[in-house]
Amino acid sequence: LVGELEKGTARGTVLCIYGGKGKTDPALAAVLMSHQSAVMNIAFWYPEQTFVNGAPIPYPPTLAQNGSESVTIRNVTFVNAYFGIHFGKNGNNSLQYVRDVYGTCLDVGYYNDKSYDIGRVENILFTPDIWLSSGLPGTPNAALLRTYMIRHSIGLHLQRIDWTYLADITVEGYSI
């Protein structure tokens, strides 16, 4: 799945995600990646994402790996995802190449578990500023977004990963 996108922005190919509203099951991911698949140069935006009683609407992960190997995620922006990348479904989730990922992820930005072979994760930025500077409709009040995220959001959640290397990772304005 390849589009055209200016790095770190929502200027270019933007996929509007409506499915899964109110659910969190990784099997319902917007894009379920299998062996040797790739997502490149795409921004993901949830037009119906809003805060209800001070909390965002849950959605399944935007990108999930389904227990396969050799997936690539390159130059992807998560404008306002609830859960950005989920690598922890159905066994071995190895040999990822993740580079140039930018996002405002309201629950978790990047989750990895059961990765038993060399993965590369480089140049990641998770910050509330991606959504706030997107220019897309529905951007929340900056104070509300920042307060929620600093209290609840997780940038990276790493569990069983072997031989994965991470470099140039920035997480700002998140609880963890």
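Among residues belonging to region 25-36 that are among the small types (G, A, S) and at pLDDT below 95, point out the one that is nearest to V76 (Cα to Cα). Residue satisfying both the conditions and the ranking: S34. Scanning region 25-43 for residues that are in contact with a strand residue (DSSP E or B) (Cβ under 7 Å, 6 or more places away or on another chain) and more than 16 Å from V98 (Cα to Cα), we see that the one that is least open to solvent (accessible area, probe 1.4 Å) is A29. Taking region 67-107 as the range and being of a type in the set (A, V, I, L, M, F, W, C), in a strand (DSSP E or B) and open to solvent by less than 10 Å² (accessible area, probe 1.4 Å) as the test, the residues that pass are I73, V76, F78, V79, A81, I85, F87, V98, V101, C105, L106.
Among the residues of region 1-18, those that are assigned to a loop (DSSP other than H, G, I, E, B), open to solvent by 40 Å² or more (accessible area, probe 1.4 Å) and either without any contact (Cβ under 8 Å) to a residue 24 or more places away in the chain or touching a strand residue (DSSP E or B) at 6+ places or on another chain (Cβ under 9 Å) (or both) comprise L1, E4, E6, K7, R11, T13. Reported count of residues in region 108-117, each being part of a loop (DSSP other than H, G, I, E, B) and modelled with pLDDT of 90 or more, is 1. Take the residues in region 119-153 that are β-branched (V, I, T) and over 22 Å from P47 (Cα atoms), then tell me which one is most open to solvent (accessible area, probe 1.4 Å). In this case the residue turns out to be I150.
The values are calculated or read from the model by the stated rules, or taken from the named source; none is laboratory data. Just so it is clear, the structure is predicted and the values come from calculations on it, not from any experiment. Note that we place each Cβ from the backbone using ideal geometry, even for glycine, and neighbour counts take in every protein chain shown. Remember, those area values only see protein heavy atoms, side chains included, never the ligands or the DNA or RNA. Shrake-Rupley method; radii C 1.70, N 1.55, O 1.52, S 1.80 Å.
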